[in-house]
Amino acid sequence: MPSSNATYAHDVKKIRDLALKALVEDVPFIQFLGVYFERCGDELTGVLPYSEKFIGNPELPAIHGGVTAAFLEVTSLITLSWTIFLREMNLNTNEIDNTSVGGSMRLPKTIDFSVDYLRSGLPVDAYARATISRSGRRYASVQVEAWQDTRHKLFAHGTCHFLMPEQSK
Amino acid sequence: MVKNADLAYQFIDSMPYARALGMRLNVLGDGLVEISMDYDSSFVGDVNTGVIHGGAVSALMDTCCGIAVICHESAPRSTATIDLRIDYMRPATPKQSIKTQAECYHMTRNIAFTRATTFDVDTSRPVATASGAFTVERH
């Protein structure tokens, strides 16, 4: 349903928030981890609230490497999907309505994922931000970094490659 | 007999995240272990297909490689992941449990090299493979 430019402008924020909510809430594993995203304009920051079930080494204690890896991968995937959504939204300005942001969005598929563990994950909240290095028609390369108490002291960073979903007509 | 087998089972039992995902360890030999994990709807990454999320597979890979290091014949005291790379070959079939087998194929004084493969019921086609380097803490 075409909408006027004024309505569109008015709804951009709402649509962006709805789209992000739909992206994240549609994935049970993201809910299992409790990961959510804070949005500043088009920039996303993934937040992993600490939970006792994340501990991999009870002696230290430290967060399990599998949690860190999953958090980085989730942040990469959601950031990339979000970027695709924004691009399609800009291309199809006249076709945006609330029904287009539901659970039918096709997600990119992970081809490979590589993570460096730089410090042990402390038993506190963690944050991650992903950068799209390249996003083509078929493949995308995404860099992601994660920190806890101090932004410049990364505890992990990674690179993800994705197979892009078929473009909608 | 694997020297650190008891320690390996103890590690898994005391690891909250391994319990949260329901991992079951089976020590196969020196530097060779396998961990299986049942399908659970909370691990799903795509509700349209019911396929589990790569993040659940990475936990299995990381744990399995780490335990393979502990089970190396040189019996390290402890280990931590330096890096891990995972290649996703195909989606795991929904409702099937998955199993990862990892081996520590080379050991130095300070570093262990590992690789792992994850399968579902169809053991002829891997779901994912991984390779990782680990730190080694000795007595």
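General observations
Each row is one residue, and each column tells you yes or no for (1) within 24 Å of A:GLY65 (Cα to Cα); (2) among the β-branched types (Val, Ile, Thr); (3) open to solvent by 60 Å² or more (accessible area, probe 1.4 Å); (4) not in a strand (DSSP E or B).
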{"residue": "A:TYR127", "(1), (2), (3), (4)": "yes, no, yes, no"}
{"residue": "A:THR131", "(1), (2), (3), (4)": "yes, yes, yes, no"}
{"residue": "A:ARG137", "(1), (2), (3), (4)": "no, no, yes, yes"}
{"residue": "A:GLN143", "(1), (2), (3), (4)": "yes, no, yes, no"}
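- Only one of A:GLU43, A:GLU52, A:GLU73 that is within 13 Å of another protein chain (Cβ to nearest Cβ) and out of contact with any Ser or Thr (no Cβ under 8 Å at 6 or more places or on another chain): A:GLU52
- Single unsatisfied condition, B:ALA116 versus (1) open to solvent by 50 Å² or more (accessible area, probe 1.4 Å); (2) part of a strand (DSSP E or B): (1)
- Single unsatisfied condition, B:ARG138 versus (1) open to solvent by 30 Å² or more (accessible area, probe 1.4 Å); (2) without any contact (Cβ under 8 Å) to a residue 60 or more places away in the chain: (2)
- Comparison of A:SER141, A:SER114 shows that the only residue that is within 13 Å of chain B (Cβ to nearest Cβ) and free of Cβ contacts under 8 Å to residues at least 60 places away in the same chain is A:SER114.
- Filter result (out of contact with any strand residue (DSSP E or B) (no Cβ under 6 Å at 6 or more places or on another chain) and either more than 10 Å from every other protein chain (Cβ to nearest Cβ) or modelled with pLDDT under 95 (or both)) within the stretch B:29-44: B:GLY29, B:ASP30, B:ASP38, B:TYR39
- Checking B:MET15 against (1) out of contact with any Pro (no Cβ under 9 Å at 6 or more places or on another chain); (2) under 19 Å from B:ALA80 (Cα atoms), the condition it does not meet: (1)
- So B:THR93, is it in contact with an Asp or Glu (Cβ under 7 Å, 6 or more places away or on another chain) and within 14 Å of chain A (Cβ to nearest Cβ): no
A quick yes/no check of all residues on (1) surrounded by fewer than 20 Cβ atoms within 10 Å (Cβ to Cβ); (2) in contact (Cβ under 8 Å) with a residue 24 or more places away in the chain; (3) at negative phi:
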residue: B:LEU7; (1), (2), (3): yes, yes, yes
residue: B:ARG24; (1), (2), (3): yes, no, yes
residue: B:ILE35; (1), (2), (3): no, yes, yes
residue: B:THR49; (1), (2), (3): yes, yes, yes
residue: B:ILE52; (1), (2), (3): no, yes, yes
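The values are calculated or read from the model by the stated rules, or taken from the named source; none is laboratory data. Just so it is clear, the model here is predicted, and its values are computed rather than measured. Neighbour counts are summed over all protein chains in view; Cβ atoms, including those assigned to glycine, are modelled from backbone coordinates with ideal geometry. Accessible surface is based on the protein model in full, side chains and every heavy atom, while ligands, DNA and RNA are left aside. Shrake-Rupley method; radii C 1.70, N 1.55, O 1.52, S 1.80 Å.
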